[in-house]
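Written below as structure tokens is the structure these notes are about.
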Amino acid sequence: MSTPSATLATFAAQLRFDDLPASVVHKIEDLLIDWFGSAVAGHGSRPVATITQFAQMMGPASGPAEVITTRASTSPYLAAMANAAASHVAEQDDVHNGSVFHPATVVFPAAVAMAQALGASGRDLLTACVAGYEVGIRVGEFLGRSHYRVFHTTGTAGTLAAAAAVGHLLKLDAKQMQHALGSAGTQSAGLWEFLRTAADSKQLHTAHAAAAGLMSAALAQQGFTGAAEIFEGPQGMGVGMSTDADPARLTDGLDQVLTGGPVTRWTTVETSFKYHASCRHTHPAADALLAVMQAHGLSHHDLAQVTTRVHQGAIDVLGPVVKPVTVHQSKFSMGTVLALVAQYGHAGLVEFEHHFQDEVTQALRDRVTMVLDEEVDRAYPRRWIGKVTVRTHDGRVFDGRVDEPKGDPGNTLSREELTAKALRLAAFSQGANPSEMAAAVDRLWQIATWPSVGPLLPERTA
């Protein structure tokens, strides 16, 4: 009998563009544009610049793969590292609810870098990225809720996702892919402790995951072997990193793959886009608060107390952030996010950059509390329900609820909205001027027709 590890590896190795339903192709194109905007948004970030400088110092000074924030080029390994760091710092990259995993920030940097080095076609790149999404999301679901309490799933499952995407581009066979996943799994890492002191580790998590996944696939191509049962083995990831690991999640919807049957669940299409520039755990409550304020004509001056009714994962991640001291840390503060939403109707990059420490923001922040809600917690992580109770200064009490936050598949962003978001991110970071970014996005919408993947940004203009 085949193991879950073998089934997942076989799927990732054997996937072909013609196997993808039109809805999956459409979605992965959308996800690519969304990721690209976040990668450009990393320009000017101190942690990103530090990792990028390290990559440039390691060399080579030029190579086949593009470093998006600097327009330099280097090896695929180091470009994947730099671009993965860049695309996670703005907190605008995508998320898959059920796995609590941000696929884009680890899959696209590794896959794009290797595609550029190989001269792979746009279709090859898109197919590889779907393989990465499908593997990474299933690994995140396999590891379960207990894993996420301590581990940053994007760093752990992300290493496997990057390995699957690059392995597909390298045309690994099923056995080689299984070795690549084994090597990736033994390197997977990322702990939440950094949030308590506003450390830079989150960018390191994605940088390491993308680069280590790429390395794992390249090593497997050269005959390097990895654990055959890295997930379900007696000393594998499930035992070492979880107390509720479920191997059945690894092959959900892939049961017929080994006999040539169809995939019955495409997790790629389940992925959500971010509207607010903050940790996704804040978005349901933010949208619920907005709904209450709009329905009852409230302004931020009216808010005496806001109680957010959340799942345990939100408390685990956001709870340690009481008084944020950096812009990035403030994106993990439920009170700060809701304070900005109440004032400006949107917690975007500009709002965080210029207003997270305003006196009004801090006062509103301290009026927000989180409490565990049984219904919300029971639905999580498959559904991220937003529930708030708002008390006004004149004693009125309003309850608000949102079942699908903005950006979820049932409340998604249109292509026009995704384009506007990418242009907005570039304008904020000045990582590309408006004409450069518009031209790059227009080209990327046509990536399925590209005979080979080259630089994503045009040469810099005056």
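Results, tabulated for the structure shown:
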item: Selection count, segment 149-182, where residues are assigned to a helix (DSSP H, G or I) and surrounded by fewer than 24 Cβ atoms within 10 Å (Cβ to Cβ); result: 5
item: Members of segment 184-210 that are open to solvent by less than 10 Å² (accessible area, probe 1.4 Å) and either of a type in the set (S, T, Y) or free of Cβ contacts under 8 Å to residues at least 40 places away in the same chain (or both); result: G190, T206
item: Number of the condition not met by S299 [criteria: (1) out of contact with any helix residue (DSSP H, G or I) (no Cβ under 6 Å at 6 or more places or on another chain); (2) closer than 25 Å to D316 by Cα; (3) of a type in the set (S, T, N, Q)]; result: (2)
item: Of all residues making up segment 418-452, the number that are touching a Ser or Thr at 6+ places or on another chain (Cβ under 7 Å) and surrounded by 18 or more Cβ atoms within 10 Å (Cβ to Cβ); result: 5
item: Restricting segment 394-417 to residues that are more than 17 Å from D34 (Cα to Cα) and among the basic types (K, R), the residue that is surrounded by the most Cβ atoms within 10 Å (Cβ to Cβ); result: R401
item: Flag if T282 is within 18 Å of the chain's Cα centre (by Cα), closer than 22 Å to D377 by Cβ, touching a residue at least 40 places away in the same chain (Cβ under 8 Å) and in a helix (DSSP H, G or I); result: yes
item: Top-ranked residue of segment 317-345 - restricted to ones that are among the small types (G, A, S) and more than 22 Å from the chain's Cα centre (by Cα), ranked as surrounded by the fewest Cβ atoms within 10 Å (Cβ to Cβ); result: G345
item: Residue list for segment 320-341, restricted to those being touching a residue at least 24 places away in the same chain (Cβ under 8 Å), among the β-branched types (V, I, T) and out of contact with any Leu (no Cβ under 7 Å at 6 or more places or on another chain); result: V325, T326, V327, T336, V337
item: One residue from D255, D244 being closer than 22 Å to T154 by Cα and open to solvent by 20 Å² or more (accessible area, probe 1.4 Å); result: D244
item: Every pair of residues 6+ apart whose Cβ atoms lie under 7 Å, when the first sits in segment 422-441 and is closer than 16 Å to A347 by Cα while the second is surrounded by 18 or more Cβ atoms within 10 Å (Cβ to Cβ) and hydroxyl-bearing (S, T, Y); result: L425/S38
item: Residue in segment 184-192 that is over 20 Å from G223 (Cα atoms) and either among the charged types (D, E, K, R) or part of a helix (DSSP H, G or I) (or both) present; result: yes
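The values are calculated or read from the model by the stated rules, or taken from the named source; none is laboratory data. Just so it is clear, the model here is predicted, and its values are computed rather than measured. Positions of Cβ are backbone-derived with ideal geometry, glycine not excepted, and every protein chain shown enters the neighbour counts. Just the protein is used for accessible areas: all its heavy atoms, side chains included, with ligands, DNA and RNA removed. Shrake-Rupley method; radii C 1.70, N 1.55, O 1.52, S 1.80 Å.
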